[in-house]
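Worksheet: the structure to be examined is printed underneath.
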Amino acid sequence: MSFTIFATAIISAMLINNVILSQFLGICPFLGVSKKSSAAIGMSAAVLFVMVISSAVTYTLYDLVLYQYGIPYISTIAFILVIASLVQFVEMFIKKTSKSLYKSLGIYLPLITTNCAILGVSEGNITNIWTETMPYWEGLFIAVSTAVGTGLGFGLIIFAFSSIREKLDASNVPAAWKGVPISLVVAGIMSLAFLGLAGII
Amino acid sequence: MLVPIIVIGTLVLVYVGTYALNKKVPIPEECRDLTDAATCTACHNFTCSYKK
Amino acid sequence: MTKKENFLKGFFKENPIFVFLLGMCPALAVTTTFETSLGMGLLVVFVLTSSNIVVSLVKKWIPHDVRTPSYIVIIATFVTVVKMLTEAYAIDLYDALGVFLPLIVVNCLILGRAEAFASKNKVIDSAIDGLGMGLGFTLGLVFIGILREFLATGGIMFGVYLPIGEAPITLVSLDMIINLFNANFHISDYGIKVFTLAPGAFIALGIILAVFQFKKSRVDRKLAIAKMEMIAEKKRIALEKKKLAALKLAKAGGK
């Protein structure tokens, strides 16, 4: 039973409602990501890690504190503070413990505070999953599964796009379309392809 | 009225605390250049990845 | 920089969307219709102007090390205010913007202006900068919104999401334009539906940015040609001077 929920949440967040191609979150790193696939992997690993922890923490905060005390209206300011301090904490922890991990993943952490995908997923959990009657553990489980799926979807698209960028840079693009415009059109075509996956569930 | 102030105040203190702590821990020497390069992949310094 | 230049720079010369590519997430997500773009833009204008004012007011008391956290708190406060006001007075707009209303917090434009401009300038200049940049952002959003709505539905509606207190009216439609030439002509169900969907957003913004880049490359080429001509002219003048000097020298030698 719970595995079905997990698989459904992951597939729907990763492929059907892809975070970049259909929710438009995290466009900046998507367009700015270098054509090195190592950078793409490091960036998406950092995003996945922070996204899972932050959605668990923000869901808990909302359900057990903000809703209980009748102050759900401060959710935005509370969430951005939670995410920002989480990013700082994780960065400090990695800096102190492992140099090689910092080299591959930690350098992308400071950029994540202003990455709208993280806050977007936390806010989306509240509006899409949370209801007054849902038990805390069940909601937390769905929220974390959605976060895992969203992070994986982010990584999938960023990685695929870094390979496409490599091809694009080598091909003969008209001067007016070079850079961002052609990237956006390519993203549009990728998005069209992902529309076809809507019938899976 | 008191609860939201306490919640936000705590969160702000936590954030400022972790921020200050994180600033104190130095970045490993060999990663200096890497952090600058990484900044170019996000929108803070977005222009540098395309305009070189 | 005069105050007028400061105000106008955000519209074309330093337009946040088309030149700096900031705030691409809302530029793609909320521009399905003209009205949602306008609403989002006006909310950003409010948040940007007020956060710029407050940041430049308190800049003396904020320690340098905790600058970014303080700016984030200030911006998040104003976004919460805007969110509550929108929910109270424009519930349709609130529903249409959805998660992108609280996401104004992480809009690179707002934090960027606070760090780059408001923390270094006087209150009035910061307010003007926020207003100008915000209106430039709105202009960009509205431009994309009009294009997408017109292509998708063949007309521009007004009054669906913003609380104007009247029934929605059609500002412009393809039928109206055609009826100028040919009376009683109707195209029912005109529209390229893909422009309401996600792929259409990417493609529409791509086309607009390509047009901007095309114009910019034209201007750059003109400037380059003008510069080359100037250099050639200077070379010619220098050569003539040399010839003249040589001629004089030859005459002097002949005597």
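Throughout, read-outs are computed from the coordinates displayed, never taken from laboratory work. Since the structure is predicted, the reported quantities are computational estimates derived from the model, not experimental observations. When we count neighbours, we look across all protein chains shown, and the Cβ atoms used for this are built from the backbone with ideal geometry, even at glycine.
Side notes on the structure shown:
- Spin-label model, B:Lys24/A:Asn128: points 7 Å from Cα along the beta carbon direction are separated by 4.0 nm.
- Straight-distance crosslink candidates among aspartates and glutamates, where the alpha carbon sits under 16 Å from B:Lys24 and sequence neighbours closer than 8 are dropped: A:Glu91, C:Asp65
- 20 Å binning of all Cα-Cα separations within the protein assembly as shown, expressed as whole percents from 0 upward: 20, 53, 20, 5, 2, 0
- Backbone amide hydrogens, once placed in the peptide plane, bring C:Val172 within less than 5 Å of C:Ile156, excluding anything fewer than 5 places away on its chain.
- Pairs of lysine residues in chain A - Cα separation under 25 Å, sequence separation of 8 or more or cross-chain: 11
- On the beta carbon distance between C:Thr2 and C:Glu229, with R0 = 41 Å, the FRET formula returns roughly 0.85.
- Label sites at C:Arg236 and A:Tyr67, each approximated as a point 7 angstrom past Cα along Cα to Cβ, lie 7.9 nm apart.
- Percent breakdown of C-alpha pair distances by 10 Å bin, ordered from the shortest bin, for the range A:1-52: 21, 46, 27, 6, 0
- Residue order, fewest to most beta carbons within 10 Å, for A:Leu64, B:Leu2, C:Leu162: B:Leu2, A:Leu64, C:Leu162
- Exposure proxy ranking, count of Cβ atoms within 10 Å, fewest first, for C:Phe18, A:Phe141: A:Phe141, C:Phe18
- Its alpha carbons considered, the range C:68-111 gives a radius of gyration followed by a Dmax of 11.0, 33 Å.
- For A:Asn115, neighbours were defined as the other residues whose beta-carbon sits under 15 Å from its Cβ, and their charges (Lys and Arg +1, Asp and Glu -1) total -2.
- Exercise: per-residue mean of other protein chain Cβ atoms within 10 Å, A:68-76: 5
- What the pair-distance distribution of the range A:2-199 shows, using all Cα-Cα distances binned every 5 Å from zero, is 1, 7, 15, 18, 18, 15, 12, 7, 4, 1, 1, 0 percent.
- Exceedance of the 25 Å cut-off in Cα-Cα distance is limited, within the set C:Lys9/C:Lys222; C:Lys227/C:Lys251; C:Lys13/C:Lys222, to C:Lys227/C:Lys251.
- Normalised convex hull volume, the range C:3-177, alpha-carbon set, Å³ per residue: 119
- Whether the range C:198-254 is rounded, prolate or oblate, judged on the alpha carbon gyration tensor where a/c under 1.5 counts as rounded: prolate
- Distance between the modelled labels on C:Glu14 and C:Asn179, one decimal in nanometres: 4.6 nm (7 Å Cα→Cβ projection).
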